[in-house]
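K.L.:
Once you've had a glance at the structure underneath, I'll fire off some questions.
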Amino acid sequence: MPPPASTTGCDATLNEVLVIGAAGKTGRAVTRALVARGVGVRAAVRAGSRGIPYAGELVRVVTLDLVTGAGVAAAMEGVEGVYHLAPNVHPDEVAIARRVAHCAVTEGVSRFAYHSVLHPDDVSMPHHQRKSEAEGAVRARLGSATVLRPAAYLQNLLGAALAGRIEVPHSVDAPFTNVDLDDVAEVAAHVLTDEGHAGGTYDLAGPERLSVRDLAEIAGKVLGRSVEAVEIPLQEWMTGPAAGLTEQARDDLAAMFRSYDREGLVGDPTTLRRLLGREPRSWRDVLA
Ligand SMILES: NC(=O)c1ccc[n+]([C@@H]2O[C@H](COP(=O)([O-])OP(=O)(O)OC[C@H]3O[C@@H](n4cnc5c(N)ncnc54)[C@H](OP(=O)(O)O)[C@@H]3O)[C@@H](O)[C@H]2O)c1
């Protein structure tokens, strides 16, 4: 049984949280959610990163490199919480998780959350399997860590929906329970700042079971214009949009799309609903 959600609000003693990957899609959302709760954020980016997360009194940018380990321990000095995520489909995700968790122990960090993925044990997707191993690596060092397992974000398809054409290299009829990234970030801020989440593992799936065809149809209605759902052959994706990726990233994502073809990516929204203490945001909400 996961520990119950706290509704007591922010723990006033938490001074600052280090957010890894703070210039990225997830890191920015988590930074925003923590700042909205009045928590200071040490925003970790790579040296030379062009995507510096939003500035403000509560945000201080630090640089580190997750692959070499440079700056990781220093970035944790004096922080009470760490939100760890790995760069997308990174081949060294497990070693990175081991290193980050080790530094968190050494630096005496009291709250640690790891951003995993829904169904990390699905062996048909190598990057999910790495997340499963990374969860193990974190847990071996920090039994009190909280693990979040989000479904795919609704925001992944938002730009395409707004542009009128959602093109995917898998079946447009496969089912998904995509989740609002800001809901995920709100939960991330909860688990780091509220009591009662030590050792918890939470699936974070959205409230609706929808295919890409459904998502396009709803977007069309909300936006008042046509939105197409288009399936392109995987091979076309590999030589087109994915041509600039490394071979490993391309293969990992191709395995993911094949898995989506077979069964989509579906989870149970109950935990997300409980942790938020409200109904999770729907696709219509996100579009609006
Ligand atoms: N997208 C989804 O639907 C979804 C769902 C569930 C879980 N996830 C997981 O969420 C995680 C984050 O995804 P995302 O979409 O937020 O990724 P993202 O936008 O690519 O952000 C990743 C960040 O990591 C930084 N980074 C890359 N290499 C680094 C290094 N060597 N040292 C330090 N920082 C480095 C990047 O910095 P730069 O800005 O300098 O490149 C980037 O800001 C991934 O592990 C993904 O599997 C994603």
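Read-outs throughout are calculated quantities, based only on the coordinates presented, and are distinct from any laboratory measurement. As the structure is a prediction and not an experimental result, all values here were calculated from the model. Using ideal geometry, Cβ is built from the backbone for each residue, glycine included, and neighbour counts are taken over all protein chains shown.
K.L.:
Restricting to segment 57-105, what's the tally of residues that are in a strand (DSSP E or B) and either more than 9 Å from the ligand (Cβ to nearest atom) or crowded, with 22+ Cβ neighbours inside 10 Å (or both)?
P.N.:
8
K.L.:
Under 6 Å between Cβ atoms, which residue pairs at least 6 apart in sequence (or on different chains) link something in segment 150-170 that is at negative phi with a partner that is in a loop (DSSP other than H, G, I, E, B) and among the hydroxyl-bearing types (Ser, Thr, Tyr)?
P.N.:
Ala151/Thr177
K.L.:
Considering only residues that are surrounded by fewer than 20 Cβ atoms within 10 Å (Cβ to Cβ) and more than 8 Å from the ligand (Cβ to nearest atom), which ones fall in segment 147-167?
P.N.:
Within segment 147-167, Leu158, Gly159, Leu162, Ala163, Gly164, Arg165, Glu167 qualify.
K.L.:
Another one. Under the condition of being part of a loop (DSSP other than H, G, I, E, B) and small (Gly, Ala, Ser), which residue from segment 106-128 is surrounded by the fewest Cβ atoms within 10 Å (Cβ to Cβ)?
P.N.:
Gly108
K.L.:
Still on this model: Within segment 48-56, does at least one residue satisfy the condition of being away from the ligand (no atom under 11 Å from the Cβ), closer than 23 Å to Leu118 by Cα and free of Cβ contacts under 8 Å to residues at least 60 places away in the same chain?
P.N.:
Looking through segment 48-56, none of the residues is away from the ligand (no atom under 11 Å from the Cβ), closer than 23 Å to Leu118 by Cα and free of Cβ contacts under 8 Å to residues at least 60 places away in the same chain.
K.L.:
Next question, about the same structure. Looking at segment 36-56, which of the residues that are closer than 18 Å to Arg111 by Cβ and assigned to a loop (DSSP other than H, G, I, E, B) is farthest from the chain's Cα centre (by Cα)?
P.N.:
Filtering segment 36-56 for residues that are closer than 18 Å to Arg111 by Cβ and assigned to a loop (DSSP other than H, G, I, E, B), the one farthest from the chain's Cα centre (by Cα) comes out as Gly38.
K.L.:
Restricting attention to segment 123-140, report how many residues are of a type in the set (D, E, K, R) and touching a strand residue (DSSP E or B) at 6+ places or on another chain (Cβ under 9 Å).
P.N.:
Result for segment 123-140: 3.
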